[in-house]
Amino acid sequence: MGTPEFAVAPLEAILENGYDVAAVVTVPDKPSGRGLKLNESAVKQFAVSKGLDVLQPVSLKDPEFLSALESYQADLFIVVAFRMLPKVVWSMPKMGTFNLHGSLLPQYRGAAPINWAIINGETKSGVTTFFIDEKIDTGNILLREETAIEESENVGSLYDRLMAIGAQLVIKTIEGIENKTIAPKPQSQFIADGEIINDAPKLTKELCRIDWNNDVKQIYCLIRGLSPYPASYSTITDGAKSFDMKIYDSTPVEHSDGSADLQPGTIFTDNKSYLHVACHGGKLALNEIQLAGKKRMKIKDFLLGFRDLDKYRFI
């Protein structure tokens, strides 16, 4: 059971390891784009290419769906980036239902664990498999695998790494359940004394807006944690004209020119090769951006086509 690309890698690994996938459950096709063409999930596209049965229920409590699901007599349900399951679904298979989650549970329960780990400046992340229960991401842990977050890494590269690590952890988990070599453990056993547990709620547009009054490292982590999608953004204005700008890549810059006293959002540029923005405790060099309605570009290309930048500031 899954939807995005993150769920395709485990499904592919399950097939490659010779397991019989009875069926795949994913979201209904959604109309998108100007022509409202029906858009299929990444998991559906892959499943169809492999000739697998695909179920796309609108409601997970629909009697027809439940009857179809039961008819497959699957031993085990595996969930990766899907929806919260009702008990009538997750309690169905005799070996249980386990979920692959993109964090080291119990840290970062919720919809956007990979983003929030980087936004909060963590130095490590990982993936966890756990048995599903009544609550969200709280079930007994089966296996965890840790990986370091590189200093300049963004959510795109961490997502790709965790996808590969997660696919292999799913296989280890299936083998452990099958061979009865895994002892599920409550999540409370993985909390160190005094450790604060962070959540990973759904990303909002307001979260993506940069507040230049914040600390330079905090903004740097926010940009990395939202790049390439959905991307952080700010508004640039000269008082008369304003433009929204997405920021995909940046580098912290130490103050060396008395700019520490300048108002956050103040722009420093030679109009040719660099664009620095003042924030609390430093400046941030913007490396890759996208103006609303324009294509994504390196900062040098942006500066070639944007006039009088020294009259603007970020707000």
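Quick rundown of the values:
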quantity: Pick from the range 53-83, criterion among the hydrophobic types (A, V, I, L, M, F, W, C) and in a loop (DSSP other than H, G, I, E, B), ranking: farthest from the chain's Cα centre (by Cα); calculated: ALA74
quantity: Residue pairs meeting the criteria (Cβ under 7 Å; at least 6 apart or on separate chains; first without any contact (Cβ under 8 Å) to a residue 60 or more places away in the chain and more than 22 Å from ILE78 (Cβ to Cβ), in the range 132-160; second of a type outside the set (Val, Ile, Thr) and assigned to a loop (DSSP other than H, G, I, E, B)); calculated: ILE149/GLU122
quantity: Check on TYR229, in contact with a strand residue (DSSP E or B) (Cβ under 9 Å, 6 or more places away or on another chain), outside the structural domain of ILE136 (by TED's automatic domain parsing) and under 23 Å from ASP301 (Cβ atoms); calculated: no
quantity: Conditions (1) touching a residue at least 12 places away in the same chain (Cβ under 8 Å); (2) of a type in the set (D, E, K, R); (3) assigned by TED's automatic domain parsing to the domain that holds VAL21; number of the one not met by GLU175; calculated: (1)
quantity: Flag for ASN115 being out of contact with any strand residue (DSSP E or B) (no Cβ under 9 Å at 6 or more places or on another chain), touching a residue at least 40 places away in the same chain (Cβ under 8 Å) and buried (at least 22 other Cβ atoms within 10 Å of the Cβ); calculated: yes
quantity: Members of the range 189-233 that are at pLDDT below 95 and among the small types (Gly, Ala, Ser); calculated: ALA192, GLY194
quantity: Lone qualifier among GLY194, GLY156 - being at positive phi and surrounded by fewer than 17 Cβ atoms within 10 Å (Cβ to Cβ); calculated: GLY194
quantity: Among (1) farther than 22 Å from ILE165 by Cα; (2) at pLDDT 95 or above - the single one ALA42 does not satisfy; calculated: (1)
quantity: Residue within the range 198-207 that is within 23 Å of ASP310 (Cβ to Cβ), acidic (Asp, Glu) and surrounded by 13 or more Cβ atoms within 10 Å (Cβ to Cβ) present; calculated: no
quantity: Among the residues listed as LEU69, LEU76, LEU104, LEU143, the single one being crowded, with 21+ Cβ neighbours inside 10 Å, under 17 Å from VAL170 (Cβ atoms) and aliphatic (A, V, I, L, M); calculated: LEU104
quantity: Strands (runs of 3 or more DSSP E) contained in the range 155-273 and holding at least 2 residues under 25 Å from ASN115 (Cα atoms) and among the aliphatic types (A, V, I, L, M); calculated: 242-253
quantity: Within the range 5-43, tally of residues that are farther than 17 Å from VAL58 by Cα and part of a loop (DSSP other than H, G, I, E, B); calculated: 10
quantity: From GLU151, GLU134, GLU145, residue being assigned to a strand (DSSP E or B) and among the acidic types (Asp, Glu); calculated: GLU145
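Each row is one residue, and each column tells you yes or no for (1) closer than 22 Å to ASP137 by Cβ; (2) not assigned by TED's automatic domain parsing to the domain that holds TYR229; (3) not β-branched (Val, Ile, Thr).
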position: GLY35; (1), (2), (3): no, yes, yes
position: ASP53; (1), (2), (3): no, yes, yes
position: SER91; (1), (2), (3): yes, yes, yes
position: THR97; (1), (2), (3): yes, yes, no
position: LEU100; (1), (2), (3): yes, yes, yes
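The values are calculated or read from the model by the stated rules, or taken from the named source; none is laboratory data. No experiment lies behind these values; they were computed from the predicted model shown. Cβ sites come from the backbone with ideal geometry, for glycine too, and all protein chains shown count toward neighbours.
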